[in-house]
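Chemist: If you scroll down you'll find the structure; I have some questions about it.
The values are calculated or read from the model by the stated rules, or taken from the named source; none is laboratory data. Fair warning: this is a prediction, and the values are worked out from it, not measured in the lab. Cβ: placed from backbone, ideal geometry, glycine included. Neighbour counts: every protein chain shown.
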Amino acid sequence: MTAKPVQLRTPLGEEVLSLHAGDHVELSGVVYTARDEAHLRMQKDGIPFDPKGAVIYHCGPVIQDKRVVAAGPTTSARMNELSGFLIDKGVRALIGKGGMGTRVLGQLKNKGVYLAFTGGCAALAADRMKLKGVFFEDLGMAEAVWVFELDRLPLVVGIDSHGNDIFGDVSKHAEAEFGRYKKS
Amino acid sequence: MKSTDQTRIHEALADATFRAYREAVIRLPPDVLRVIEKAAASETSPVARGEFANILQNITMAEKLGVPMCQDTGVPVVYLTLPPEIPLTKELYDAVADGVRRATKEVPLRPNVVDPLTRHNTNDNTGLGMPAIHVKPGEKFTVTVLPKGAGAENMSRIGMLLPSQVSQIEKFVIETVYLAGSRPCPPIVIGVGIGGTFDGAAALAKEALLQPLDQMTEYERGILAAVNRLGIGPMGLGGDTTALAVKVKTAGCHTASLPVAVNIQCWANRHATVEVKP
């Protein structure tokens, strides 16, 4: 059976450095959604919240009447080249799906973690989130920075601060396995 | 002027389309749920077991809250069966589109349909040729809605293999899954269309997704086992379950051709069928 999930609460600090790839965690507290457009805006105009110990969620939610209707994760790899400045300013965790590139792996070293949330789990997410505010609403519903308060969102450490990357290991295994077919 | 009959058919079909769409995005078909539960029970990777726990809890929450299980509520792919007494008219297409518009507003669905070049969003999930409607003759008047999300659809491929490459079909399927990696939200369902024509193979691959997932042939089970050896696992985090099922549909083809289409579907193999009663 799986070990009990580690309980985390924002703002995050050095406790993230003791997490290991494959650990299950439950995250409570405040997270900020950001997709491509929000990252570009924050690079240009600055980060509209205190980035120290903050958590970024790669998500384009459906919001209706100031309520979170559906809020599953989006593909994190699109933010591969856009995340460094956030980690430099003190962001301790990125949440999304599918993992991130080797550049982010290096940027997270001794600083923070990448937490994977299950793709398509929009109803579960909405059940564990409350809407607290919004920045850059002019970017539209999917691209704005929404402030969510989480209540024990179930996540798994995909990339830890020691350079371990589950997604990278899985890709290597799949490549080797497919390699056997390529020869046939 | 529409006849009373026409009005009755229009209203009944629009209503049935609305109900099928709502059902499809909120509740998974029993055979799909069964293969997810079975895979969850036999999965050995602790990380993958956690992903399955989230997926199963999400399915429960969607039903309890009456909300879509995923924020990508897809584009409407619709299958109609028409009994002999229902003529195929443009009216039927309009009725299905009305049902889609109503579902978009009332469920609600995310407006996903855009013009392919200008990218202008119609905001009601209809457009030129959308909903995509497929018609066949049958005994009963039914409408099936298969909402197709983009993450998985984008990973689909078609290959015009050589007639001598029948033994390479499995490799083509595995290559498709390998190239997709974590992006289609695995564990996936794989629809394979073999034969027919270039366009026909793709249609077969999508129709294959509607077949019962817990009844697989020897051939389908063989491809499934090979796919699962890739070890991509739920969400690309590794594990025994990269795919839940492989379903194959075939059609006669040219002696000089071997079209093979692979339609990838995420774990949420959503579809629902409602009988239309005018």
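Chemist: Can you name every residue in segment B:173-203 that is under 25 Å from A:Gly119 (Cβ atoms) and part of a helix (DSSP H, G or I)?
Modeler: Of everything in segment B:173-203, those that are under 25 Å from A:Gly119 (Cβ atoms) and part of a helix (DSSP H, G or I) turn out to be B:Val173, B:Ile174, B:Glu175, B:Thr176, B:Val177, B:Tyr178, B:Leu179, B:Ala180, B:Ala202.
Chemist: Turning to a different aspect of this structure: Run A:Ile56 past the list (1) touching a helix residue (DSSP H, G or I) at 6+ places or on another chain (Cβ under 9 Å); (2) in a strand (DSSP E or B); (3) within 11 Å of chain B (Cβ to nearest Cβ) and report the number of the one that doesn't hold.
Modeler: Every listed condition holds for A:Ile56 apart from (3).
Chemist: Just the residues that are surrounded by fewer than 24 Cβ atoms within 10 Å (Cβ to Cβ) and either part of a helix (DSSP H, G or I) or of a type in the set (Lys, Arg) (or both), please, taken from segment B:228-247.
Modeler: Across segment B:228-247, the qualifying residues are B:Asn228, B:Arg229.
Chemist: What is the residue count in segment B:40-52 for residues that are within 11 Å of chain A (Cβ to nearest Cβ) and β-branched (Val, Ile, Thr)?
Modeler: The number of residues fulfilling the criteria is 1.
Chemist: If B:Ala256 meets every condition in (1) away from chain A (no Cβ under 14 Å); (2) touching a strand residue (DSSP E or B) at 6+ places or on another chain (Cβ under 7 Å) apart from one, which number is that one?
Modeler: Unmet condition: (2).
Chemist: Identify, by number, the condition in (1) within 14 Å of the chain's Cα centre (by Cα); (2) under 19 Å from B:Ile264 (Cα atoms) that B:Pro131 doesn't meet.
Modeler: Every listed condition holds for B:Pro131 apart from (2).
Chemist: Just one of B:Ile55, B:Ile59 is assigned to a helix (DSSP H, G or I), facing chain A (nearest Cβ under 7 Å), at pLDDT 95 or above and buried (at least 24 other Cβ atoms within 10 Å of the Cβ); which is it?
Modeler: B:Ile55
Chemist: Now for a different question. In segment A:92-114, how many are under 23 Å from A:Ile63 (Cα atoms) and out of contact with any Cys (no Cβ under 8 Å at 6 or more places or on another chain)?
Modeler: Going through segment A:92-114 one residue at a time, the tally reaches 1.
A quick yes/no check of all residues on (1) at pLDDT below 95; (2) aromatic (Phe, Trp, Tyr):
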{"position": "A:Met1", "(1), (2)": "yes, no"}
{"position": "A:Pro5", "(1), (2)": "no, no"}
{"position": "A:Gly22", "(1), (2)": "no, no"}
{"position": "A:Lys66", "(1), (2)": "yes, no"}
{"position": "A:Ala71", "(1), (2)": "yes, no"}
{"position": "A:Phe85", "(1), (2)": "no, yes"}
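Chemist: Of the residues that sit in segment B:19-39 and are hydrophobic (A, V, I, L, M, F, W, C), crowded, with 19+ Cβ neighbours inside 10 Å and assigned to a helix (DSSP H, G or I), which one is farthest from the other protein chains (Cβ to nearest Cβ)?
Modeler: Of everything passing the filter in segment B:19-39, B:Ala20 is farthest from the other protein chains (Cβ to nearest Cβ).
Chemist: If B:Trp267 satisfies all but one of (1) surrounded by fewer than 20 Cβ atoms within 10 Å (Cβ to Cβ); (2) within 14 Å of chain A (Cβ to nearest Cβ); (3) of a type in the set (Phe, Trp, Tyr), what's the number of the condition it fails?
Modeler: Single failed check for B:Trp267: (1).
Chemist: Still on this structure, please answer the following. Testing B:Lys206 on (1) more than 12 Å from every other protein chain (Cβ to nearest Cβ); (2) of a type in the set (Lys, Arg); (3) assigned to a loop (DSSP other than H, G, I, E, B), one condition comes back false. Which one is that?
Modeler: (3)
Chemist: Of the numbered conditions (1) surrounded by 21 or more Cβ atoms within 10 Å (Cβ to Cβ); (2) in a loop (DSSP other than H, G, I, E, B), B:Pro212 satisfies every one except a single condition; which is it?
Modeler: (1)
Matching residues to (1) within 14 Å of another protein chain (Cβ to nearest Cβ); (2) surrounded by fewer than 18 Cβ atoms within 10 Å (Cβ to Cβ); (3) without any contact (Cβ under 8 Å) to a residue 40 or more places away in the chain:
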residue: A:Ser76; (1), (2), (3): yes, no, yes
residue: A:Leu86; (1), (2), (3): no, no, no
residue: A:Met100; (1), (2), (3): yes, no, no
residue: A:Gly120; (1), (2), (3): yes, no, no
residue: A:Asp138; (1), (2), (3): no, yes, yes
residue: A:Ala142; (1), (2), (3): yes, no, no
residue: A:Arg152; (1), (2), (3): yes, yes, no
residue: A:Ser161; (1), (2), (3): no, no, no
residue: A:Ile166; (1), (2), (3): yes, no, no
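Chemist: OK, next. Answer yes or no: is there a residue in segment B:89-109 that is under 30 Å from B:Pro186 (Cβ atoms), outside any helix (DSSP H, G or I) and of a type in the set (Gly, Ala, Ser).
Modeler: no
Chemist: Another question, if that's okay. With the condition kept exactly as written, say whether any residue in segment A:54-68 is touching a Cys at 6+ places or on another chain (Cβ under 9 Å) and either more than 16 Å from A:Gly133 (Cα to Cα) or free of Cβ contacts under 8 Å to residues at least 60 places away in the same chain (or both).
Modeler: No, segment A:54-68 contains no residue that is touching a Cys at 6+ places or on another chain (Cβ under 9 Å) and either more than 16 Å from A:Gly133 (Cα to Cα) or free of Cβ contacts under 8 Å to residues at least 60 places away in the same chain (or both).
Chemist: Which ones in segment B:103-151 are touching a residue at least 40 places away in the same chain (Cβ under 8 Å) and among the small types (Gly, Ala, Ser)?
Modeler: Within segment B:103-151, B:Ala103, B:Ala132, B:Gly138, B:Gly149, B:Ala150, B:Gly151 meet the criteria.
Chemist: While we're looking at this one, here's another question. Which residues, counting only those in segment B:64-77, are part of a strand (DSSP E or B) and either surrounded by fewer than 24 Cβ atoms within 10 Å (Cβ to Cβ) or among the acidic types (Asp, Glu) (or both)?
Modeler: B:Val75, B:Val77
Chemist: Which of (1) under 29 Å from A:Ala123 (Cβ atoms); (2) touching an Asp or Glu at 6+ places or on another chain (Cβ under 9 Å); (3) in contact (Cβ under 8 Å) with a residue 40 or more places away in the chain; (4) within 14 Å of chain A (Cβ to nearest Cβ) does B:Ala180 not meet, given it meets every other one?
Modeler: Result: B:Ala180 passes all but (2).
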